[in-house]
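Here the structure is laid out as structure tokens; the discussion comes afterwards.
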Amino acid sequence: PTPSASATTGGSGGSCAAAWSNSTAYVSGNEVSYQGENWTANQWNYNEVPGGPSGAWNSDGSCG
């Protein structure tokens, strides 16, 4: 059987979230992809690169 589209599994081979944009404000819980990894915002942020020094994003691991 085909897994449902809503199923999320860890590790590589998963689907990537929408690409991160430096012109979008994100709130806690928003998910993006950046450089082959999915990230989840843990606070409001704007133009804060995932994995950058602000610590505004939690890595969810590689995707795609």
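Read the figures in this text as sums done on the coordinates, not as results from a lab. Being a predicted model, the structure only gives us computed values, none of them experimental. As a convention, Cβ positions derive from the backbone with ideal geometry for all residues, glycine included, and neighbour counts pool all protein chains shown.
What to note about this one:
- The slack between VAL49 and GLN35, meaning 0.36 nm per residue of separation minus the straight C-alpha distance, is 4.0 nm.
- Positive contributions from Lys and Arg (+1) and negative ones from Asp and Glu (-1), summed over other residues with Cβ under 13 Å from the Cβ of SER59, come out at -3.
- Between SER21 and SER59, full extension at 0.36 nm per residue minus the direct alpha carbon distance yields a gain of 12.1 nm.
- Under a 5 Å amide H cut-off, with hydrogens placed 1.01 Å from N, THR24 pairs with ASN47 among residues at least 5 apart or on other chains.
- Shown here for the range 14-53: chymotrypsin sites (Phe, Trp or Tyr not before Pro) in loop regions (DSSP other than H, G, I, E, B) with at most 13 other Cβ atoms within 10 Å, namely TRP44.
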